[in-house]
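To start, the structure under review is shown below, and the notes come after it.
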Amino acid sequence: MGFDAFIGNPKTTGRLRAKLRENRFPHGLVFAGPEGVGKRTFARMIAKALNCANTGSDDFCDECSQCRKVNSGVHPDVLTVTLEDEATLIKIAQIRQLLTTLQLQPLEGRNKVFIIDPANFLTAESANALLKGLEEPPDNSFFILITENLHELLLTIRSRCQNYHFAPIGLDRIRERGITDELAVRWSQGSIGRAQSLDIATIKEQREAVLGFIETAMKARDETLREMLAASADLSRTRQDFRGYLSVMAILLSDLLHISEGAPEKIINVDIRQRMESLAASAPTERWILVSDFVQVMEVGLKGNVNRQMMTDAMALVAASFSD
């Protein structure tokens, strides 16, 4: 087990391994790319390579105590800062606590690795505090920031780091790993980990709820407004998995746009293609674009304390605004 076990993005990972091998590894890194394409996995691999007791500088054994502790999340020199329970943002106190360890020598390994995940959830204050650590870090300290969207990070953060993009792998590579359910292959969106962990039954349940909501909004007239808003209320009550429902909606809307623009071969929901084609034909492309844009606004709004039902009501009204 080593870097060779990592699947996908060979150019990106090859450049990073070369920097390790040449002893010129950057002290600030941003790993950007869609959810589930291996950013966190590769960050942990880097942490192991920087501390492994048995291999050269550009690989790791995955068997020594250093590697095992990184795998278990208990290595004292590999710290991950993430969202605390019920929190929607990474707080300045978390970054300040990290910075108190910056000037200390590693406790067990050769190097200290700080993983900020998801870095795009830093508050403005915590991001500015992190800048102090990124400006002149000690030689044995490395920061890896993980984000889906590079441009959600402060420009001052990005300018102090080397930025690497991780792209989804091809669906054929997913199939080669033994994933036989075509719906799972397509819903994986280029992530082997997601393909292996997907709960297709839950996805279908969420998809049915979201499709019902979209269909109700699309056919809304004055006399069905109450029904449309009731569907919105049902959807917004799913507090624990509201973000999941939004993700399902984004994928469905993407499929509807592909069909509307004459590219049905790109759709994910191949098992309900006829239903999707019928729904796509019920509205012009511009309408699907408008609703898709609003879903993106909702996803951004979830980072704050937005009223979920107000947002779903507004989206339903946006969707219905083109009704004849």
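Observations on the model:
- Enclosing the Cα atoms of segment 3-167 in their convex hull gives a volume equal to 109 cubic angstrom per residue.
- For segment 248-261, 3J(HN,Hα) per residue [Karplus equation, 6.51 cos²θ - 1.76 cosθ + 1.60, θ = phi - 60°, Hz, x = Gly/Pro]: 4, 5, 4, 5, 4, 5, 4, 4, 4, 5, 4, 5, 4, 9
- Only Cα pairs under 8 Å and 6+ residues apart enter the sum, and on that basis the relative contact order of segment 42-93 stands at 23 percent.
- Residue exposure sequence - His151, His27, His75 - by fewest surrounding Cβ within 10 Å: His151, His27, His75
- Footprinting exposure proxy ranking of Val270, Val248, Val78, fewest other C-beta atoms within 10 angstrom first, gives Val270, Val248, Val78.
- Hits among lysines - C-alpha to C-alpha of Lys19 under 21 Å, sequence gap 8 or more where chains match: Lys11, Lys39, Lys48, Lys112
No lab work stands behind these numbers, since they all come straight from the coordinates. Predicted model, so just to flag it, every value in this text is computed and none were measured. Cβ coordinates were reconstructed from backbone atoms using ideal geometry, including for glycine residues, and neighbour counts include every protein chain displayed.
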